[in-house]
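Single-structure report; data block below.
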Amino acid sequence: MWAFLSRRFQLWVVLAVGAPLASWLLGRIGQQLETRNGPTRISSVLRKGSSTIGGKARGPLAR
C-alpha cells in the first residue's frame, strides 16, 4: 500500500508521525540514562538529537 502513495505524501507522513516519535524516543532514552548514571556524553547526545529532530518535525505530534 505504501507504494501507491505519492512521494510527497510519504514524506509528509514520515515528518508528521515518524520524526516526533523518534524525537520522543531519543529524549526518553537520554533521560533514563541520566537518571541511572548522571549526565554522560551519550545521554547528552541523545537529548540533543531529540531536540534537533523535534525542531524539524511537523504536524499534530510536533512540539
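Scan segment 7-27 for residues that are of a type outside the set (S, T, Y) and closer than 12 Å to S50 by Cα and jot them down.
Correct list: A19, P20, L21, A22, W24, L25, L26, G27.
Which residue pairs have Cβ atoms under 6 Å apart, sit 6 or more places apart or on different chains, and have a first residue in segment 29-40 that is within 18 Å of S51 (Cβ to Cβ) and free of Cβ contacts under 8 Å to residues at least 40 places away in the same chain and a second that is outside any loop (DSSP other than H, G, I, E, B) and small (G, A, S)?
G30/S43; L33/S43; E34/S43
Take the residues in segment 8-58 that are of a type in the set (V, I, T) and at pLDDT 90 or above, then tell me which one is surrounded by the most Cβ atoms within 10 Å (Cβ to Cβ).
In this case the residue turns out to be I29.
The values are calculated or read from the model by the stated rules, or taken from the named source; none is laboratory data. Treat the numbers as computed from the prediction; the structure is a model and nothing was measured. Quick reminder, even Gly has a Cβ in these numbers, built from the backbone with ideal geometry, and neighbours come from all protein chains shown.
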